[in-house]
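Novice: Before I ask anything, here is the structure I am working with.
The values are calculated or read from the model by the stated rules, or taken from the named source; none is laboratory data. The model shown is predicted, which means the values in this text are computed figures rather than measured ones. Methodologically, a virtual Cβ is constructed for each residue, glycine included, from the backbone with ideal geometry; neighbour enumeration extends over all protein chains shown.
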Amino acid sequence: MTTGFFSHPDCLLHEMGEWHPECPARLQAIEDQLIASRIDMLIERDESAPLADESALLRVHTQAHIDFVRNTSPVEGYAAIDADTSMNPHTWQAALRAAGAAIAATDAVIEGRYENAFCAIRPPGHHAEPARAMGFCFFNNVAVAARHALAVHGLSRVAVIDFDVHHGNGTEAAFAGDSRVLMCSIFQHPFYPFSGADQVPPNMVNVPLPARTKGMEVREAIDLLWLPRLHEFKPEMVFISAGFDAHREDDLGNMGLVENDFAWITGQIRAIAERYAKGRIVSCLEGGYNLSALARSVVAHLRTLADF
């Protein structure tokens, strides 16, 4: 069975200015590396991503938040959400398409069309809280997909894994105290958004790590802290917030991971999914801003998902 690769041209249209690191070139770099590495032959492309409908977004976000994002969308130029986050005339559609791709991937994996799937989407999502857009994020793609799996497909337990260099505060806010969801994350701390280390909800396994932490320390933390909880939880599906900005070449973080570390983490997740979840994984792109490191890391992630 194949790995689905979900993306959509609309995700290239959102941009926040030439200076901004969260740029369309991120997806283009991934595409170029897929061709160069010949992994393109191991995945099945799927551009069926619909626009996420309001009912799907409302499983995570408030009506006021959805209305705010819709109404902030500019006719031309940019509309600022915060100092680092803004909308252009295409952002609303791109954000709906990103969440829609995550939903479509979830449907496809649960229905057995793919064993697992990766969504090369933007804008990213894990900083988007139920009532607030922030940190380059508007809607929480992974949270929307996980809630879709629970509500529409009737799953009882899903795990969310986040290895972005930044804490997924939005995902934690969406699922804090929800016994159907186990969230495991690593992140640099103290660092934006300066959350995740205190008053951690019981269904969260947060592993804050100091700057310059390298791969072996990360692997040890995952082995000791994530894996026992995941084995105990026995998820029926696994969702990944796949941020690659913990790479040592990425200037937006200050961590020391390399491609082999992302491949190792993915392998541990895949083993959990194969044991408890029929192999079902949906991974969604979050951070990663050094274009070469991002593209190489995504290929390492995909090779492991595709078991190649």
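Novice: Only one of PRO123, PRO130 is surrounded by fewer than 24 Cβ atoms within 10 Å (Cβ to Cβ), in contact with a helix residue (DSSP H, G or I) (Cβ under 7 Å, 6 or more places away or on another chain), over 29 Å from ARG275 (Cα atoms) and in contact (Cβ under 8 Å) with a residue 24 or more places away in the chain; which?
Specialist: After applying the criteria, what remains is PRO130.
Novice: Is at least one residue of region 55-74 at pLDDT 95 or above, of a type in the set (S, T, N, Q) and not in a helix (DSSP H, G or I)? Quick ask: steps written out before the conclusion?
Specialist: Taking region 55-74 first, the residues at pLDDT 95 or above are 55-74.
Filter once more, keeping what is of a type in the set (S, T, N, Q): 55, 62-63, 71-73.
So of that shortlist, the ones also not in a helix (DSSP H, G or I) come out as 62, 73.
Yes: one or more hits.
Novice: Would you confirm whether any residue within region 45-66 is β-branched (Val, Ile, Thr), buried (at least 18 other Cβ atoms within 10 Å of the Cβ) and touching a strand residue (DSSP E or B) at 6+ places or on another chain (Cβ under 8 Å)?
Specialist: No, because not a single residue in region 45-66 is β-branched (Val, Ile, Thr), buried (at least 18 other Cβ atoms within 10 Å of the Cβ) and touching a strand residue (DSSP E or B) at 6+ places or on another chain (Cβ under 8 Å).
Novice: Please work out if ALA271 is in contact with a Cys (Cβ under 8 Å, 6 or more places away or on another chain) and either farther than 19 Å from ASP32 by Cα or among the small types (Gly, Ala, Ser) (or both). Quick ask: steps written out before the conclusion?
Specialist: Details: in contact with a Cys (Cβ under 8 Å, 6 or more places away or on another chain): no; either farther than 19 Å from ASP32 by Cα or among the small types (Gly, Ala, Ser) (or both): yes.
It is false that ALA271 is in contact with a Cys (Cβ under 8 Å, 6 or more places away or on another chain) and either farther than 19 Å from ASP32 by Cα or among the small types (Gly, Ala, Ser) (or both).
Novice: Evaluate the following for GLU111: is it touching a residue at least 24 places away in the same chain (Cβ under 8 Å), over 26 Å from LEU227 (Cβ atoms) and surrounded by fewer than 24 Cβ atoms within 10 Å (Cβ to Cβ)? Before the answer, list the steps.
Specialist: Details: touching a residue at least 24 places away in the same chain (Cβ under 8 Å): no; over 26 Å from LEU227 (Cβ atoms): yes; surrounded by fewer than 24 Cβ atoms within 10 Å (Cβ to Cβ): yes.
No; evaluated as a whole, the condition is false for this residue.
Novice: Only one of ALA64, ALA56, ALA83, ALA94 is out of contact with any helix residue (DSSP H, G or I) (no Cβ under 9 Å at 6 or more places or on another chain), touching a residue at least 12 places away in the same chain (Cβ under 8 Å), farther than 19 Å from ARG280 by Cα and small (Gly, Ala, Ser). Can you tell me which?
Specialist: Residue meeting the stated conditions: ALA64.
Novice: Exactly one condition in (1) surrounded by 15 or more Cβ atoms within 10 Å (Cβ to Cβ); (2) closer than 29 Å to ARG132 by Cα; (3) polar (S, T, N, Q) is not met by GLN199; state its number.
Specialist: Result: GLN199 passes all but (1).
Novice: Could you grab me the full set of residues in region 97-108 that are surrounded by fewer than 24 Cβ atoms within 10 Å (Cβ to Cβ) and touching a residue at least 60 places away in the same chain (Cβ under 8 Å)?
Specialist: Step one: of region 97-108, the residues surrounded by fewer than 24 Cβ atoms within 10 Å (Cβ to Cβ) are 107-108.
If the condition is that a residue be surrounded by fewer than 24 Cβ atoms within 10 Å (Cβ to Cβ) and touching a residue at least 60 places away in the same chain (Cβ under 8 Å), then ALA108 is the only one that fits.
Novice: Select from region 190-234 the residues that are touching a residue at least 12 places away in the same chain (Cβ under 8 Å), of a type in the set (S, T, N, Q) and either part of a loop (DSSP other than H, G, I, E, B) or over 15 Å from GLY170 (Cα atoms) (or both) and list them in ascending order.
Specialist: The answer is SER195, ASN203, THR213.
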